[in-house]
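The values are calculated or read from the model by the stated rules, or taken from the named source; none is laboratory data. Treat the numbers as computed from the prediction; the structure is a model and nothing was measured. Methodologically, a virtual Cβ is constructed for each residue, glycine included, from the backbone with ideal geometry; neighbour enumeration extends over all protein chains shown.
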Amino acid sequence: MKRVAILISGGGSNMLALVASMTGDHPARPVLVASNDPGAMGLKRAAELGIATAAVEHRPFKGDRAAFEAALLQPILAAEPDILCLAGFMRVLTPAFVARFEGRMLNIHPSLLPKYTGLHTHQRALDAGDTEAGCSVHEVTAALDEGPLLGQARVPVLPGDTADSLGARVLAQEHRLYPAVLRRFAAGDRSPIFLS
Ligand code: GAR
């Protein structure tokens, strides 16, 4: 059984989808949900499900990312994860942290990578006049949102869409895609999947 730690910053809806998927014959189980925000709703939700949680607030480190990560690393290492899933974790990790988990850290990003790395992906897709949007799961490497692709799901952009309406449509697909990718990844399959 693979041990999975999930890093979040907010509501944790992707975390909940991952957790819900890890039952029965799934080759992994959640061992920790950690956040840089002690007030993250997702932490409360994970605790209610009986999952170990940890909060390491980034603000007191005042931009010293290495020091923040050293603190974050403690509960993570204690949980002995085989796989780390970033699920709406909104801090950029240093190359040193990434290197430590190379080949076993995944991220979900709300765009059809390589389009729209970084923030405001839905507004940028609308501004560009795209007719399709979606989400991607990829391996995390030192280059932001650029690691090997593990899966993608597409949605149409509809007339009258706002960033919020498009984002909600994409998020529903994130909740399908991330569990599907994690199941395969935990079983050793890194070939990308494409959901529509
Ligand atoms: C998700 O849409 C995820 O793709 C995005 O944050 C949201 C978190 O929602 N992640 C990023 O933008 C990473 N750069 P959740 O907390 O409900 O899972």
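Here Ala78 fulfils each of the conditions (1) crowded, with 17+ Cβ neighbours inside 10 Å; (2) of a type in the set (Gly, Ala, Ser); (3) not in a strand (DSSP E or B) apart from (1). With respect to the stated conditions, Ala96 fails to be assigned to a strand (DSSP E or B), more than 16 Å from the ligand (Cβ to nearest atom) and in contact (Cβ under 8 Å) with a residue 12 or more places away in the chain. Filtered by the rule that a residue be in a helix (DSSP H, G or I) and of a type in the set (Ser, Thr, Tyr), the range 161-184 gives Ser165, Tyr178. Taking the numbered list (1) loosely packed, with under 14 Cβ neighbours inside 10 Å; (2) under 30 Å from Gly160 (Cβ atoms); (3) of a type in the set (Gly, Ala, Ser) in turn, Ala87 passes all entries but (1).
Filtering the range 148-168 down to residues that are in contact with a helix residue (DSSP H, G or I) (Cβ under 9 Å, 6 or more places away or on another chain) and within 13 Å of the ligand (Cβ to nearest atom), which residue is nearest to Leu84 (Cα to Cα)? The extreme case among them is Gly151. Quickly run through the range 37-50 and pick out the residues that are in contact with a strand residue (DSSP E or B) (Cβ under 8 Å, 6 or more places away or on another chain), in a loop (DSSP other than H, G, I, E, B) and either surrounded by fewer than 21 Cβ atoms within 10 Å (Cβ to Cβ) or among the polar types (S, T, N, Q) (or both). The answer is Asp37, Pro38. Residues considered: Leu158, Leu126, Leu119. Of these, the only one that is assigned to a helix (DSSP H, G or I), more than 13 Å from the chain's Cα centre (by Cα) and surrounded by fewer than 20 Cβ atoms within 10 Å (Cβ to Cβ) is Leu126. Against the test of being small (Gly, Ala, Ser), at pLDDT 95 or above, within 11 Å of the ligand (Cβ to nearest atom) and in contact with a helix residue (DSSP H, G or I) (Cβ under 8 Å, 6 or more places away or on another chain), the options Ala71, Ala46, Ala87 yield a single qualifying residue, Ala87. Residues in the range 118-147 that are among the aliphatic types (A, V, I, L, M), without any contact (Cβ under 8 Å) to a residue 24 or more places away in the chain and within 14 Å of the ligand (Cβ to nearest atom): Leu119, Ala143.
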